[in-house]
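No value in this document is a laboratory result; all are computed from the given coordinates. Since the structure is predicted, the reported quantities are computational estimates derived from the model, not experimental observations. Every residue, glycine as well, gets a Cβ built from its backbone with ideal geometry; the counts of neighbours run over all protein chains shown.
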Amino acid sequence: MTTAKLRVEPSFYVFWALFCLLDSEGVLPLFVCAAVIHEMGHVLAIGACGGRIDGVVLSAAGAVIRQSRSLSPPAECLIAAAGPLAGAAAAGILSALHCPMAAGANVLLSLVNSLPLLPLDGGCALRSLLGLLPAAAMTAGLRALELASLLGATVLTLLGGALLLYTGRNAAGLAVGLFLLGANARLLRGSGNYGMIQSIIPKIRSN
Amino acid sequence: MEETIRRALWCAAVCLSILTASRMLRASGALSFLPESDAGRAIAVLGGAGTDGGWSEGLVAVFAPHTQ
């Protein structure tokens, strides 16, 4: 019996359906092409760094490429950065070919993925670089990165909501923020462990 | 390998079905209660940033409140 290398979680279909419903301008296929270019960047980088792909998981958090063996922190950082870099290169080529819409989709996807928030590529690149630090500094850095990811997802959600209220349009920002919060659900459940949040909760309760 | 291809085809079929259904619903006006998107105009501005000037003003204009 063969093992499937592709796993599609139900949350992926929810994510897809939401963006299909919100896509009033019919630009979703451009983002799908940009996502394929983005993932191909990761795949090429994994091959170049001597990694081996074990499988792909599609979920609301996007596509996650699982590797069968761990690589060095710089290699992991390069693999994480390869997606946005591939998107930026594609945007440059498409712009030169006078395809502004396709170029713009690659720019937007690369910019969002470069945010230093987990589980986006920017956050993953930062996390892999933390592996170069001594153990204590790495642990502190990881906690700071997790807290920053939670706060960043919350700010994105609030900004997305404000944009929707302000313009009466553009719900995609809110959707991306909510899905980032969903992707960080594990961190969200453990958010009471963060010192900063522990200091805020008593103040909220006393009010 | 066969299982992977089968899953990929199944995923593509489901995604295409959802996309087609949402396009049909939008064409019929059943989704008129949903907010419109300016993603197309935003990516056109971002995509033209390398060739056209004033992309930041363009983005501000895209996300300005609509009066109609």
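Observations, loosely collected:
- Partner chain coverage, peptide A:172-179 - average Cβ within 10 angstrom: 1
- Take every DSSP beta bridge whose two residues both sit in the stretch A:1-148; close to 65 percent of them are antiparallel.
- Once both labels are positioned 7 Å from their Cα atoms along Cα-to-Cβ, the gap between A:ARG7 and B:PHE63 label points is 3.6 nm.
- Gaussian network model of chain A, Cα within-10 Å springs - most flexible of A:ILE53, A:ILE79, A:ILE65: A:ILE53
- Exposure proxy ranking, count of Cβ atoms within 10 Å, fewest first, for A:ASP54, B:ASP38, A:ASP23: A:ASP54, A:ASP23, B:ASP38
- Proxy reagent accessibility, fewest Cβ within 10 Å first, across B:THR20, A:THR154: B:THR20, A:THR154
- Cα-based shape type of the stretch A:95-184, given that a ≥ b ≥ c are square roots of the gyration tensor eigenvalues and the cut on a/c is 1.5: oblate
- Chain A: calculated mean residue ellipticity at 222 nm from DSSP helix runs of at least 4, using -39500 (n - 2.57): -23000 deg cm²/dmol
- Cα gyration tensor, the stretch A:1-63 - rounded (a/c under 1.5), prolate or oblate: oblate
- Charge dipole (chain A, unit charges on Cβ, about Cα centre) - positive-most of A:ILE79, A:CYS124, A:VAL43: A:CYS124
- Point-charge dipole on Cβ atoms (K/R +1, D/E -1) for the stretch B:1-41, about Cα centre, debye to 20: 80 debye
- Local electrostatic count, A:CYS124, Cβ distance below 15 Å [Lys/Arg +1, Asp/Glu -1]: -2
- When chain A is treated as a Gaussian network with alpha carbon springs shorter than 10 Å, the biggest mean-square fluctuation among A:SER11, A:SER110, A:SER68 belongs to A:SER68.
- Largest GNM mean-square fluctuation among A:ALA90, A:ALA185, A:ALA45, using chain A with Cα springs under 10 Å: A:ALA185.
- Going by neighbour counts of Cβ atoms within 10 Å, the residues A:PHE12, B:PHE33 line up, fewest first, as B:PHE33, A:PHE12.
- Three-way shape call for the protein assembly as shown based on the alpha-carbon gyration tensor, with the a/c threshold at 1.5: rounded
- Cα point-scatterer Debye curve for the stretch A:1-153, base-10 log of I(q)/I(0) at q = 0.10, 0.14, 0.16, 0.21 Å⁻¹: -0.40, -0.78, -0.99, -1.41
- Pairs of Cα atoms nearer than 8 Å and 6+ residues apart set the relative contact order; for chain A it is 17 percent.
- Dipole moment magnitude, nearest 20 debye, the stretch A:5-189 about Cα centre, only Lys, Arg, Asp, Glu C-beta charged: 420 debye
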